[in-house]
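Scroll down for the structure; my scribbles are underneath it.
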Amino acid sequence: MEIDHPEVVAEVLAAFRAYEDALVRDDRAGILRWFWDAEETVRFGVADRQNGVDELRAWRAEQPPVPPGRTLAETRVTTFGTDYAVVTTLFTYPDGDALGRQSQTWVRFDAGWRIVSAHVSQLGSPVWLS
């Protein structure tokens, strides 16, 4: 199995960036388009959990947009073969004092790359990112 084939990394990074763009624009349909449309999809948030895409759709419909000025750091894409990848990143907001952590498991389906599992958490002050 080839790890981090450059073309596959580029594909996943493009998908991740499109997901992130939808997130910061509060394009809810665009966000959900990147998740696997299945009951097996799981998302763990800072203070929430969704099991299955139906729960994810309902939760997303009720959420406010992410705060403006979201900044990513240390985004890393690791691919395994041509159809499986993990993306990790850190995020901060200008008026926040918490460091966010995000990980996503991506799988290539016939419809393209989709998130099958996601985890978001926060830590205290991100002073080391300054």
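Values in this text are rule-based calculations from the coordinates and carry no lab data. None of the values given here were measured: they were computed from a predicted structure. With ideal geometry, Cβ positions are generated from the backbone for all residues, glycine too; neighbour counts draw on all protein chains shown.
Assorted remarks:
- Of the GluC sites (Glu not before Pro) in the range 8-48, those whose Cβ has at most 11 other Cβ within 10 Å and which sit in DSSP loop: Glu39, Glu40
- Taking every Cα-Cα distance in the chain and sorting them into 10 Å bins starting at zero, the pair-distance distribution P(r) comes out as 12, 43, 35, 10, 0 percent.
- The residue among Ala85, Ala38, Leu99 whose Cα reaches farthest toward the positive pole of the charge dipole of the chain, with charges on the beta-carbon of Lys, Arg, Asp and Glu, is Leu99.
- Under the Karplus curve 6.51 cos²θ - 1.76 cosθ + 1.60, θ = phi - 60°, whole-Hz ³J(HN,Hα) for the range 83-90, x wherever Gly or Pro sits: 10, 9, 8, 10, 10, 10, 7, 10
- Estimated vicinal HN-Hα couplings, Hz - the range 97-104 in sequence order (Karplus 6.51, -1.76, 1.60; Gly, Pro = x): 10, 10, 9, x, 10, 9, 9, 9
- Stokes-Einstein D (µm²/s) once Rh is taken as the Kirkwood radius of the range 46-97 over alpha-carbon pairs, at 10 °C in 1.306 mPa s: 115 µm²/s
- Each of Val107 and Glu2 was given a label point 7 Å from its Cα along the Cα-to-Cβ line. The distance between the two points is 2.2 nm.
- For the chain, the relative contact order is 24 percent, taking Cα pairs closer than 8 Å that sit 6 or more residues apart in sequence and dividing their mean separation by the residue count.
- Residue among Val66, Val107, Val42 with the largest mean-square fluctuation in a Gaussian network model of the chain, springs linking Cα atoms under 10 Å: Val66
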